[in-house]
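Remarks on the structure that follows.
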Amino acid sequence: MTPIEPHWLWIGAGLVLAALEMLVPGVYLIWLALAAIATGVLVLASEPSLPMQIVSFVSLSLIFAYSARRWLRDKPIESSDPLMNQRAARLVDQTALVTQAIEGGEGRVRIADSEWLASGPDCPAGTRVRIAGVNGACLAVEALELPRLG
């Protein structure tokens, strides 16, 4: 039985790392996978010793990881729904009903089937308010002015 060529070991390790990238959350194994595949190509081209193969793998891993970090910092991935995991931020500009009077700047409001802490101008229970912003889990509200007839 013939031994496996070292370049196939590096390329195989790179493919395994690329497959693991799909299972593990985050984006970090792909850079190691690319470094392993590039090391396999270098080994195929020049057949360096094992210590040089390891040095080239480590060097390429660092180069790919830092290059990707810089590239993603300069060109971040934009989401089609930037408020996906920010439930409170999705409520901005909606109207709510004050359920516990806002006194001293704090109270509670109801939106659909949930109640939220609210901060804003003093309002009695039953007042309609507009959500102007969010501070953590507390909604910043402002009283709605109803149009006057007549």
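The values are calculated or read from the model by the stated rules, or taken from the named source; none is laboratory data. As the structure is a prediction and not an experimental result, all values here were calculated from the model. Every residue, glycine among them, receives a Cβ derived from its backbone with ideal geometry; neighbour counts consider all protein chains shown.
Of the residues making up the stretch 116-128, those that are in a strand (DSSP E or B) and either farther than 16 Å from G104 by Cβ or at pLDDT below 90 (or both) number 3.
Screening the stretch 3-27 for residues that are outside any helix (DSSP H, G or I) and of a type in the set (V, I, T) and picking the one that is farthest from I77 (Cα to Cα) gives I4. Scanning the stretch 24-75 for residues that are surrounded by fewer than 18 Cβ atoms within 10 Å (Cβ to Cβ), of a type in the set (F, W, Y) and in contact (Cβ under 8 Å) with a residue 24 or more places away in the chain gives Y28, F64. In the stretch 102-115, the residue that is farthest from V92 (Cα to Cα) out of those that are assigned to a strand (DSSP E or B) and charged (D, E, K, R) is E103. Looking across the stretch 76-120, just one residue is in contact (Cβ under 8 Å) with a residue 24 or more places away in the chain, hydroxyl-bearing (S, T, Y) and surrounded by 14 or more Cβ atoms within 10 Å (Cβ to Cβ), and that is T99. Being part of a helix (DSSP H, G or I), more than 17 Å from the chain's Cα centre (by Cα) and at pLDDT 90 or above is not true of A96. Once the stretch 135-150 is narrowed to residues that are among the hydrophobic types (A, V, I, L, M, F, W, C) and modelled with pLDDT of 90 or more, the residue that is farthest from the chain's Cα centre (by Cα) is V141.
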